[in-house]
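S.K.: Would you mind keeping the following structure in view while I ask a few things?
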Amino acid sequence: MLFQDLNRLRQIGVIAARHGFGEWFERAGVWRILGRREKVEVSAETQRASTARRFRMLLNDLGPSFVKLGQVLSTRADLLPGEYIEELATLQDHVEPFPLEEVYARIRESLGSDASELFREIDPKPLAAASIAQVHRAVTLEGDEVVVKVQRPGIAEQIDSDLAVLRSLARLLEAVVEETSLYSPTGIIDEFDRAIHEELDFVHEAANIRAFLENHRNRPYMTIPRVYEALSSRTVLTMEFVRGVKVSQAQLSPEDRREVAGHILDTSFRQLFEDGLFHGDPHPGNLLVLEGNRLALLDFGVVGRLTRVMQETLVMLVMAVALKDSDSVARILYRVGAPDSRANLMGFRNDIETLLGKYLTTTLGEVDSRSLMRDLLDLAVRYHIRVPKEYALLGRASVATEGMLRSLYPDMNVLEVAMPYAKELLADRYDPSQLQGGLMRTLLRFQSMAADLPTQLSQILLDLESGKFSVTVRAEQFDRLNDSLRSAALVMFLGLCACGTIVGVFISFAQTGPWQFHGLPVLGLLGLALSAGLFGATFTWFLFGKRFGKVRVSRWLGNKKPQR
């Protein structure tokens, strides 16, 4: 680790200790790496806060890279408990704007020409300033109103430096925290690395905008800003300026509210069930109301993609929840979730049945879907079922969309509007006249399985007849027994080596040789030191070999409540 990385690690350790996480750094051996432990006092206010809130405050104080990490984690309800997701969703990415001269320098560096040669004017006051980029209104040489998104100078280098420190911390956590066997911190950091570098590459966002523009071309109520290709690059993105009002600030009549809510719901379902490409962060700031109650979507850095199979699974899951079919919900989540090990499906089903009974006691329009979604994902994590990130991102987007719909038109029957889309998708699935229909795919799979079955049975019978048939059995008890036998063999080997060395020491002391130290044979002294080391290692392994386990943090995650 470089010197500057060690300094950054020390800063992280001090800030973490200030927020009550010093014990984790002590257990991970961070202070041992740094050479000394910093003395930090934890304030009474911090001690009263919940662990989730302290974690959010920690990321906020650590700087832009860690704020971005928190925002990425807030979209992954499959990785953290619900209260952590809610806290991280409040992280605000606002920083001081950088000077207009640096904006001009970045444009010249990225586009190869001075800003004055590309734009008629650029508003010196930014529309928004975040940790990744800064946005300015501008006018092109042709007179078009645009917005220019310019990447913050030095942000890529800063993020790479922080990622190196985060990877080191992740490896330490994997060594000492037991729960990391399910979701490895290094895996989370790798995913954050991929997500943040996609966000740093404006070419990727431009491709997302073009895809949304193509999908919404025949939807007159929806506007997607156009990308100016000649004025865009990896670090500069120029888009059409859309004049509108944030949906949360729009002054609308009850009839207009109903129409806008209908447009939001329609575009949401079409993104899911027709396009397979949906906006991953549809909060009120990214959705504008235009003249004529039309809508405009902004900020396409985070999007989700659904395959046809995912779309069908989603419909089945929603229908199973609506019908309170806990067995189907459990099986669908188990099938798509790729459990890390064999899960207790019966216990999972019973817990889901309790959950559905808790939330679905009223009409569907009154269901608290935010809490239902959060508890379902928490339950999946508890049973070691990894829900794919697309579903977790979809869950967060759905909750944000539902919040806007409730504020615009609380009486809207979402199920009534959603049913036509679900019926259309199911009809396509079981329509034999379409080659992509699910029924045709099922028949093809059955035909393939039926063709392979005789060959597979013949192979099994031939193996049985020739005595080559074998069955591989794996069990946790066998693995533990194997580990115990290996440990016993190692202890015996070290003990025998120590005994053999002692015999050699006695022979050495009984003879006089040319190499002596204060009248004692040097080989004998070396053998005595070696035997003592072997005995010490054997004794330590025997007494403490199984006691250096990982620390469990489950009791800290979500169990500590704020003190009143």
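S.K.: Taking neighbour counts of Cβ atoms within 10 Å as a proxy for exposure, in what order, fewest first, do LYS68, LYS246 appear?
M.R.: Exposure proxy ranking, most exposed first: LYS246, LYS68.
S.K.: Also: Eigenvalues of the Cα gyration tensor times 5, then square-rooted: what semi-axes does that give for the stretch 220-349, in whole angstrom, largest first?
M.R.: Three semi-axes, in Å: 36, 21, 12.
S.K.: With a Förster radius of 60 Å, plug the Cβ-Cβ distance of GLU117 and SER43 into 1/(1 + (r/R0)^6) and report the FRET value to the nearest 0.05.
M.R.: Once rounded, the FRET efficiency stands at 0.65.
S.K.: How large is ³J(HN,Hα), in whole Hz, for each residue of the stretch 311-319 in order, when computed from phi with the Karplus curve 6.51 cos²θ - 1.76 cosθ + 1.60 and θ = phi - 60°, using x for Gly and Pro?
M.R.: 4, 5, 4, 5, 4, 4, 5, 5, 5
S.K.: Given R₀ = 56 Å, FRET efficiency for GLU96-ALA529 by Cβ-Cβ distance, to 0.05?
M.R.: 0.35
S.K.: Still on this structure: Among VAL103, VAL148, VAL315, which comes first, second and so on when ranked by fewest other beta-carbon atoms within 10 Å?
M.R.: Fewest-to-most ranking of VAL103, VAL148, VAL315: VAL315, VAL103, VAL148.
S.K.: Between ASP256 and ALA230, how many nm apart are label points set 7 Å from Cα along the C-beta direction?
M.R.: So the label points at ASP256 and ALA230 sit 3.8 nm apart.
S.K.: Give me GLU96, GLU312 sorted ascending by neighbouring Cβ count inside 10 Å, so fewest comes first.
M.R.: The most exposed by this proxy come first: GLU96, GLU312.
S.K.: Next question, about the same structure. Kirkwood hydrodynamic radius (Cα pairs, Å) of the stretch 279-326?
M.R.: The Cα-based Kirkwood calculation yields 13.4 Å.
S.K.: A further question on this structure: Longer than 22 Å from Cα to Cα, which of LYS149/LYS246; LYS324/LYS389; LYS125/LYS149 are they? Say none if no pair is.
M.R.: LYS324/LYS389
S.K.: What distance in nm separates the two pseudo spin-label positions at ALA488 and ASN7, each 7 Å out from Cα along the beta-carbon direction?
M.R.: 5.5
S.K.: If the stretch 94-241 were replaced by its equivalent ellipsoid, with semi-axes equal to the square roots of 5 times the Cα gyration tensor eigenvalues, what would those be, largest first, whole Å?
M.R.: Its equivalent ellipsoid spans semi-axes of 35, 20, 12 Å.
S.K.: Now for a separate question. Pulled fully out, how much extra length does the chain show between ILE460 and ASP144, if you take 0.36 nm times their separation in residues and subtract their Cα-Cα distance?
M.R.: The ILE460-ASP144 span can extend by a further 106.6 nm.
S.K.: So how far apart, in nm, are the two label points at ALA322 and LYS389 if each is 7 Å from Cα heading toward Cβ?
M.R.: Spacing of the two 7 Å Cα→Cβ label points: 3.1 nm.
Readers should treat all values here as calculations from the given coordinates under stated rules, not as data from a laboratory. Computed from a prediction, not measured in an experiment: that's the story for all the values here. Glycine gets a Cβ as well: all are built from the backbone with ideal geometry, and neighbour counts include every protein chain shown.
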